[in-house]
1. Shape verdict for the stretch 58-148, please, from the Cα gyration tensor: rounded (a/c under 1.5), prolate (a/b greater than b/c) or oblate.
2. Using +1 at the C-beta of Lys and Arg and -1 at the C-beta of Asp and Glu, which of Val155, Leu60, Leu86 has the Cα lying farthest in the positive direction of the dipole of the stretch 30-166?
3. Dividing the alpha-carbon radius of gyration of the stretch 89-207 by 2.2 N^0.38 Å (N being the number of residues), what value is obtained?
4. Which trypsin sites (Lys or Arg not before Pro) from the stretch 183-286 combine a DSSP loop assignment with at most 14 other Cβ atoms within 10 Å?
5. For the chain, what is the calculated [θ] at 222 nm in deg cm²/dmol (nearest 500), taking -39500 (n - 2.57) for each run of four or more DSSP H residues and dividing by its residue count?
6. Enumerate by residue number the chymotrypsin sites (Phe, Trp or Tyr not before Pro) in the stretch 37-81 meeting two conditions: DSSP loop (anything except H, G, I, E, B), and at most 11 other Cβ atoms within 10 Å of the site's Cβ.
7. Which value in Å is the Kirkwood Rh of the chain over different Cα pairs?
8. Past the 24 Å Cα-Cα mark, which pairs from Lys59/Lys158; Lys59/Lys176; Lys59/Lys91; Lys91/Lys158; Lys91/Lys176?
Amino acid sequence: NGFAKLIDSGKVSDASRRPVRCRVHPIRTHQNKGFRIMTNRSLPAWPYPRTFAHRGAGKLAPENTLVAFRHGASFGYGAFEFDVKLSADGKSFLLHDATLERTTGGSGRADALTLGELAQLDAGSWHGPAFAGETLPTLASIFRYLRANGFAANVEIKPTPGREWQTGAAVALDVKALAQGMAVTPLLSSFSETALEAARLVAPELPRALLLDALPADWLERLQRLDCLALDANHRELSAEIVAKAHAAGYRVLCYTPNEPERARQLLDWGVDSVITDAVDRIPPQ
Ligand code: G3P
Ligand code: MG
């Protein structure tokens, strides 16, 4: 794949896949004697655009449907975040919620229906009559669109409760197969560390980002444990210091979902590597 090719060509460090070796350096401060962890992990390459459209580009069009992607592309966006889970028969498809009510004409758990049953649902009318008849895309159909247009993907693994491991493994295997020959290897992300662990097991070469809504004290250790390429944080949790700390430790940073141009500019100025936004009409793609 593209990421592996870049690494094989020697143009990019393979730091995201190397185990991190740590040295403990004693440091002295005015207040006390302490220790800090120094790592020799260099900052890995970041082949992604600096702006991703969120849920396809799912504010002005129904989220996680093909028409939302087309909408984002019409504003010049070339990178897309979207949510993926499994049907009852284990097929990867796009949907944010664990249940069907909010964004389709169906009801109940999304993983209670087979892909054939899900395909019958209207995933557009909830947004407005102009989108009536829009369907829930399969992961394969979205990749057909991304590949044909040379677009980049951030695949958020969004398991229904209880199916974290299975979803992480299945989606990673699907992405691995679908991403063959793509210029930019898709980035996997998840709030579920179990799903990321499973993805790492079956497709270690696919880069991973850990989604964190609130930053726990051990966020850096979590990134290390899952051998992630990036921290993917709620933008409200970030500061210039946290971005610098992540970079110094060898991790890229992306964040969701700044929707004000000023705020997006500030985050990018701090060195955030990519922002994921709904406001494709107001935040220019970069
Ligand atoms: O992947 C970033 C963002 O999409 C995470 O939150 O709830 O919109 O999937 P959510
Ligand atoms: Mg998402």
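The values are calculated or read from the model by the stated rules, or taken from the named source; none is laboratory data. These numbers come from a predicted model, not from an experiment. In this analysis, Cβ positions are derived from the backbone assuming ideal geometry, glycine residues included, and neighbour counts consider all displayed protein chains. The accessibility values were calculated without ligands, DNA or RNA, using every heavy atom of the protein model including side chains. Shrake-Rupley method; radii C 1.70, N 1.55, O 1.52, S 1.80 Å.
1. Taking the square roots of the gyration eigenvalues as a ≥ b ≥ c, the stretch 58-148 is oblate.
2. Val155
3. 1.08
4. Arg282
5. Value at 222 nm, helices only, nearest 500: -8000 deg cm²/dmol.
6. Those that pass, being in a loop and sparsely packed, number zero.
7. Hydrodynamic radius (Kirkwood, Cα only) of the chain equals 19.5 Å.
8. Lys59/Lys176; Lys59/Lys91
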